[in-house]
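*Asks:* Below is one structure. I have some questions about it.
A short reminder: the numbers here are calculations on the coordinates, not readings from a lab. Model, not experiment: these values are computed from the prediction. FYI the Cβ positions are ideal-geometry reconstructions off the backbone, even for glycines, and counts take in every protein chain you see.
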Amino acid sequence: LNLSVTMKQAASYPTAAAVLGYGPLNKALAAAGRYLSPAQRRSKQDLIDKYTAEHWIRRQGSAAYGTDLETIGSQNNVLTKIKSVPVLGQIVNSIQEVDIGTTFLLWDAAEYYVQNHFDYTKGSDSYFRKVAEIYNKTIHDTQPNYSVMQRPEILRSTNELTKAFTMFMTQRLQN
């Protein structure tokens with residue numbers, strides 16, 4: 001429920017311009033409304049998951065996206081019960097939900113980038129492989145990532161004082 005961190009997750013979207021440029025980002029954002037229905041989101045998710053694990057990894061534990069770890073990890077506690085209620089689960093897990101939405105739109109932006117810079121047949125396997133390559137680069141180079149390999153060294157510190165001073169600074173330090 002940390003509003004500051006939730007806003008920083010959304011604010012990471014423009015940082016992807018370092019890889020993609022603002023044109024593809026603007027087009028993807030303008031077309032975001034097409035994913036209002038769960039069926040449309042699921043179809044796009046399945047496509048992304050076919051070519052890269054990056055979005056699947058970010059969805060783990062999200063009640064709203066019904067991922068495997070959410071089901072496996074369900075326990076009989078208050079937080080799990082709250083997260084199982086669709087709207088409440090999204091509010092409680094708002095940081096992850098905003099991150100999922102942000103990185104979801106980056107797939108479309110990567111598609112627009114590939115269409116503008118490469119000569120692939122849209123919809124072909126090689127086209128989607130190139131989109132996945134650009135998407136992965138964008139995620140790794142510009143988005144907050146909590147896996148050890150993508151974190152700056154200062155965020156890997158085991159020193160409690162360092163941890164306290166760098167808490168909630170992942171996006172800034174990623175940049």
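*Asks:* Counting only residues 5 or more places away or on other chains, whose amide H sits under 5 Å from the amide H of Ser12 once H atoms are built in the peptide plane?
*Replies:* none
*Asks:* So if R0 is 22 Å, what FRET efficiency would Asn136 and Lys163 give, r being the distance between their Cβ atoms, rounded to the nearest 0.05?
*Replies:* 0.20
*Asks:* On the Cα set of region 4-46, report Rg and Dmax in Å, please.
*Replies:* 12.4, 31
*Asks:* Grab the Cα-Cα distance for Asp119 and Met7, subtract it from 0.36 nm times how many residues apart they are, and report the gain in nm with one decimal.
*Replies:* Full-extension gain reported as 36.7 nm.
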